[in-house]
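Taking it in order: structure first as structure tokens, then the write-up.
Values in this text are rule-based calculations from the coordinates and carry no lab data. Just so it is clear, the model here is predicted, and its values are computed rather than measured. Quick reminder, even Gly has a Cβ in these numbers, built from the backbone with ideal geometry, and neighbours come from all protein chains shown.
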Amino acid sequence: MRLGCGGSRAVVDCPAPLKESGLTHPAPSTDSYVYKRLRHLGLEQALALKTAAVVKVHSFEAGSVIWAKGSEVQSWQYIVDGLVAAAIPTTNSQSTPISIYGKGSWFGEQPIINRKPSYAEYVCLVDTEVLALPATHFDQLFVDDAGFARHVAKLMAWRVQKTSETLMLMKLGNPCLRTVMGLAQFAEALAYRSDRPPTIPFGVGVEIPIPQTTLASLCGVSRTLFSEYVQQLAAASWLKISYSKLEILQISAWLGFASRQRERNFSNLNPSVAELLAELQSCDHTQ
């Protein structure tokens, strides 16, 4: 993806090994942030403490590429703060995001398990901080710990199907569908839907911390068309426009919309804006 947060700035490719932040790494304890994240994966206390000792902290600037398409994925990563898009090349030298990961999400398990290069380019949409569990330790946990293996297998199976469906919608859908579905992906990521149910109350709005120019490029539409669709979504109270940023309103409806679109087997890839607004309305269970 040739995008930074300004829309035209070139991304920064980060060579392996990734740059570690300046944070110190005290001996892991049962009160540590890393330990608690590992316990959520089902690891027993002793194994979580042992594993926490090998986890590294990495920091990236907006626009940095964590893994290029075709590169070796050397660690399973957890987003402490930030947004990461997994994107694949489509047409006109553009890339289409097929997954967006937000704070609280692990990512990168598929190429590690399949022992294949990265199928996508992973790029930071904003300044991002991650925890990195080396791939060798991930492999060992996957073999030795049944609870961890079940967690990762379920996560990967769900994501593979979701990614395939999203790719078809974003690649074959018309501009307004790509715009609304693209925004719905951010709603999912910001509601922590990447690997578990949302933790943001359904009635609360969330701001997308990315300029509209970049969002338009990510959705694969012109800035003019993007603005036209955004204005109509805002007029219907699905978005709030604030300077160059957007706030997504009624999170539950956006999550329902994304799920429903993926389940429809691509029966309508050329909807009108009016049809998409009606679809969002039908997914709003707060009224």
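In a reduced charge model with +1 at each Lys and Arg Cβ and -1 at each Asp and Glu Cβ, region 12-164 shows a dipole moment near 420 debye about its Cα centre. Counting only Cβ charges, +1 for Lys and Arg and -1 for Asp and Glu, the dipole size of region 173-282 around its Cα centre is about 120 debye. Would you mind counting up the charge near Ser32? Only other residues with Cβ under 15 Å from its Cβ, with Lys and Arg at +1 and Asp and Glu at -1. Charge balance in the 15 Å sphere: +4.
The dipole here belongs to region 70-138: it is taken about the Cα centre, uses +1 on the Cβ of Lys and Arg and -1 on the Cβ of Asp and Glu, and is about 220 debye.
Pairs exceeding a 19 Å alpha-carbon distance, out of Lys36/Lys103; Lys50/Lys116; Lys69/Lys116; Lys56/Lys162: Lys50/Lys116; Lys56/Lys162. How charged is the neighbourhood of Ala234? Take every other residue with its Cβ under 14 Å from the Cβ of Ala234, and add Lys/Arg as +1 and Asp/Glu as -1. Taking every Cβ under 14 Å from that of Ala234, the sum is -1.
The alpha carbon centroids of region 132-178 and region 223-280 are separated by 25 Å.
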